[in-house]
Amino acid sequence: MNIKTDYLSLTGDTEDIQILQNDYNLAELALQFPNVNSLLIPKKSEYNLRKYVPKDMLRAIDSDVNVAVEKCLVFLSNLCSTYYTDDKWKSLNATILHQQTKSKDNTYIYTRIIDILKHGTSKGAFIEVNDSYLEREYCKKYRLTDMYLKAGLEEYIIKDSRIVLNQNRLFYEQLHEAMEHPISSNLIKMYPKIELPTSEELLAIGKRLAKDGHRTKKGKILTVRNGHINSYWKNSENRSFVEDNIELFEFLTNRGFMIPSVGDEKSGGRVVDSFTLMPAWIREQITVDGAKLAECDYTALHPNIAIKLYDGKLNYLTHQNVAERTCIDVKSIKIEHLSFFNKQWLAMLKSPLFAFYSKHEPDMLSRIYNDKKEHGHKVTSAKMFRVEVAIMTDVIQHLSTIGINVLYVYDALLCEEKDKTIVVEAMNRIILKYGVYTCVKVDGALPIVSTEPLLEPQAVALPKFALDDVVNLYDVLPMLSYDADDTMTIIYDIDNSSITMNELVQYIAKQAREQKYNDYNGVEVTQKIVANLRSMVKY
């Protein structure tokens, strides 16, 4: 018997149990996901439920008071992730709440639980409820009261077998959905390889980064708290605290990795897991076989997706390109691009990016305005997320067929260094099929290529290659100003995406000669393309 594949068919005899205990596959699974009977709950909540809530109210949930208390704790555990988010309100799905807390006869219990938690005790309510919601639009929102938010979290082990059974059913439903989804199933295959740093190691790294002035992707200053409360800093809202980041890391990983979850239409189906939610500087410490992962990240993906969706004219837009045209610091441009297209129209008008897009893409802005006016201001980001997810799904599906698993972080992939070349090639090739003109960052920077030339003082030199250097046509042809269709035509014509620079020069020269004839049906070779090619050759 092959114990790597046959353990699911075992009968449960004593010898079979011994095999299960020694089976490597089962050990992997145990490391990947938390036990379903383990909850994180607000401290003091169990004690206050048992001591101060009237027994008659608890018996309205279940005749066994202990079971009633545990069902209340299950509800509260759904809100524990808000300890680590700025927005303490969280939408909870009624169907899932029912599955978590239903009785044996399928009675709806969760509404009674909400009543108890809203009513609270002499010590105060457990939760607040925002009842202003639209049916089918979004779920009702809930929030832990300040008393329980300040208390912190603790682990609780469920005792009641029926609640554990409900948790088990939800677990397997979520796992089944994850295994059916290309991005999620890839993540689950990647998890066993991952080696995590310890909290002690992260604290030392965090202190060093904070000393070096590290900033998050949103521009917040990484800061060591050293026991101080937020009011110790005048600008605490612009700081990200090392100790808080480590607490979030522990929440996401200490009891196992969360099952990857696919978002709704508003998020474009983005997948969320322990690693997408993790602070970037901590995620960078992850290793496989002792080596850190390489990040493959598209350059200015969302601006370029917006250009595609709303029929803009610019190609291969970069944050650097915008910074040079606006004389605004590139870091500020990066931060502003994170939210610009998701803003309400009046907020877009106030953005430092608006003048740039108003000058270079006025028609695109007009179409965005009309779309937001008709469908709400979040429609733009929802559409961009859908395109992003579609691109990343195709990339990951391709990589999976050749045995490469990656960590997915929205518009970036983290891979083993040995796989980086293949991952970058796949990302650059597949995104062109969607008509989105950008590519993966190379050593943190990319040349600026645009349909609209830069002013001479702002011109940025293209990279240079020796004639015997092997180049990737998916990278180089867009730099010459070829669009996606012409790029694919050239690659199919040459029948190879990797050639020497000398071979590319000869090919372009041949095309330039042949286009003089009336029956020429190849790609156009313009003076601009020739000039760009000459500037890229290192003599």
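The values are calculated or read from the model by the stated rules, or taken from the named source; none is laboratory data. Keep in mind the model is a prediction, meaning the values are calculated, not measured. Please note: Cβ atoms are built from the backbone with ideal geometry, for glycine as well, and neighbour counts cover all protein chains shown. What goes into the accessible areas is simple: the full protein's heavy atoms, side chains included, and nothing from ligands, DNA or RNA. Shrake-Rupley method; radii C 1.70, N 1.55, O 1.52, S 1.80 Å.
Quick check: net charge around residue 162, other residues with Cβ under 14 Å of its Cβ, Lys/Arg +1 and Asp/Glu -1?
On the way: positive: 71, 102, 104, 159, 169; negative: 62, 64, 70, 105, 160.
Net local charge, residue 162 excluded: 0.
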Query raised in the report: Helix 161-180: angle to the longest alpha-carbon principal axis of the chain, degrees 0 to 90, nearest 10?
Result: 10
Query raised in the report: Any idea how far the Cα center of the range 200-226 sits from the one of the range 43-114, in Å?
Result: 37
Query raised in the report: With axes computed from alpha carbons, what is the tilt in degrees of helix 110-119 against the longest principal axis of the chain, rounded to the nearest 10 within 0 to 90?
Result: 80
Query raised in the report: Given H placed on each backbone N at 1.01 Å, which residues far from residue 271 in sequence or on other chains put an amide H within less than 5 Å of it?
Result: 263
Query raised in the report: Out of residues 5 or more away from residue 215 or on other chains, whose amide H comes under 5 Å of its own, with H placed 1.01 Å from N in the peptide plane?
Result: 222
Query - Links that overshoot a 31 Å alpha carbon limit, given the list 140/441; 217/313; 292/343 - result: 140/441; 292/343
Query - Integer Hz, Karplus 6.51/-1.76/1.60 couplings in order for the range 378-389, x for Gly and Pro - result: 7, 4, 5, 5, 4, 5, 5, 4, 4, 5, 4, 5
Query raised in the report: Which of the peptides 302-311, 341-350 is most tightly packed, and how do the rest follow, going by the mean number of other Cβ atoms within 10 Å of each residue?
Result: 302-311, 341-350
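Taking the Cβ-Cβ separation of residue 91 and residue 169 as r and a Förster radius of 22 Å, what is the calculated FRET efficiency to the nearest 0.05? Kindly include the intermediate steps, with their values, before the conclusion.
Numbers: r = 22 Å, r/R0 = 0.98.
Working from the Cβ atoms, E equals 0.55.
By the scheme Lys and Arg +1, Asp and Glu -1, what is the net charge of all other residues having a beta-carbon under 13 Å from that of residue 404?
Values: positive: 189, 193, 418, 420; negative: 416, 417, 419, 425.
Around residue 404, the surrounding residues sum to 0.
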Report summary line: The ³J(HN,Hα) series, computed from each phi in the range 84-92 with the Karplus coefficients 6.51, -1.76 and 1.60 at θ = phi - 60°, rounded to the nearest Hz and given as x for glycine or proline, is 10, 10, 5, 8, 7, 7, 9, 7, 10
**Report entry** Of (1) 17, 47, 28, 7, 0; (2) 17, 38, 27, 13, 4, 0; (3) 21, 55, 22, 2, 0, the label for P(r) over Cα pairs in 20 Å bins from 0, in percent derived from the coordinates
**Finding:** (1)
Report summary line: Using alpha carbon centers only, the range 293-366 is separated from the range 474-535 by a whole-angstrom value of 29
Query raised in the report: Got a sec to turn the phi values of the range 329-336 into Karplus ³J(HN,Hα) couplings, 6.51 cos²θ - 1.76 cosθ + 1.60 with θ = phi - 60°, whole Hz, x for Gly and Pro?
Result: 3, 4, 5, 5, 5, 4, 5, 5
Query raised in the report: Is the range 40-176 best put as rounded, prolate or oblate by its Cα gyration tensor, with a ≥ b ≥ c the root eigenvalues, rounded for a/c under 1.5, and otherwise prolate when a/b is larger than b/c, oblate when not?
Result: rounded
Query raised in the report: For residue 495 and residue 232, FRET efficiency with R0 = 51 Å and r from the beta-carbon atoms, rounded to 0.05?
Result: 0.20
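Report in % the part of the accessible area of the chain that belongs to carbon and sulfur, leaving out ligands and nucleic acids; probe 1.4 Å.
Values: 14130 of 28110 Å².
C and S atoms contribute 50 percent here.
Keeping all protein chains in place, calculate the accessible area per residue for the chain (probe 1.4 angstrom), answer in Å².
52
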Query raised in the report: Among rounded, prolate and oblate, which fits the range 163-245 when a ≥ b ≥ c are the square roots of the eigenvalues of its C-alpha gyration tensor, a/c under 1.5 means rounded, and a/b larger than b/c means prolate?
Result: prolate
Report task. Would you please give the residues with an amide H less than 5 Å from that of residue 465, counting only those at least 5 places away or on a separate chain, with H modeled from the backbone geometry? Result -> 537, 538
Query raised in the report: Among residues other than residue 328 whose Cβ falls under 15 Å from its Cβ, what is the net charge (Lys/Arg +1, Asp/Glu -1)?
Result: +2
